[in-house]
1. Specify whether the C-alpha gyration tensor of the range 1-51 places it in the rounded, prolate or oblate class, a ≥ b ≥ c being the square roots of the eigenvalues: rounded for a/c under 1.5, otherwise prolate if a/b is larger than b/c and oblate if not.
2. Please report the net charge: other residues with Cβ closer than 13 Å to the Cβ of residue 52, K and R +1, D and E -1.
3. I want the local charge near residue 75. Using Cβ-Cβ distances under 9 Å, sum +1 for each Lys or Arg and -1 for each Asp or Glu among the other residues.
4. Would you calculate the separation in nanometres between label points at residue 20 and residue 57, each defined as 7 Å from the Cα along the Cα-to-beta-carbon direction?
5. Compute the Cα gyration tensor for the range 7-93, then decide on rounded, prolate or oblate, letting a ≥ b ≥ c be the square roots of its eigenvalues: rounded whenever a/c is under 1.5, prolate when a/b is larger than b/c in the other cases, and oblate in all that remain.
Amino acid sequence: MSEQQKSVRTLTGKVVSNKMDKTITVSVERMVTHATYGKILRRRTKIKAHDEKNTCNEGDIVTITQCRPISRHKSWTLVEVIERAAPQASAAQ
């Protein structure tokens, strides 16, 4: 019997929250065409992903991949940080 390779699902998005321990929230944007009018719309999905080393900050562009369920809402894990966000200026200045 020949083995079939399962394709790994990978998405790219922007980190919108890193307030949880070892968890980031990634906003993934996709383009959808309206069924009747044909207008192209932007749709966003917020996905919780596992960040083992707490390396991500808000605004980073990251790649995540699907994995086994880690918790109730987490079944994605961080693969790499594509682009780091610019450091934010503190509000105390």
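1. Verdict is oblate for the range 1-51.
2. 0
3. Computed value for this residue: +3.
4. 2.2
5. Numbers: a/c = 2.24, a/b = 1.27, b/c = 1.76.
Oblate is the answer for the range 7-93, as a/c is 1.5 or above yet b/c matches or exceeds a/b.
Values in this text are rule-based calculations from the coordinates and carry no lab data. For clarity, every value in this text was computed on a predicted model and none was experimentally measured. All Cβ positions, even for glycine, are placed from backbone atoms using ideal geometry, and neighbour counts span all protein chains on display.
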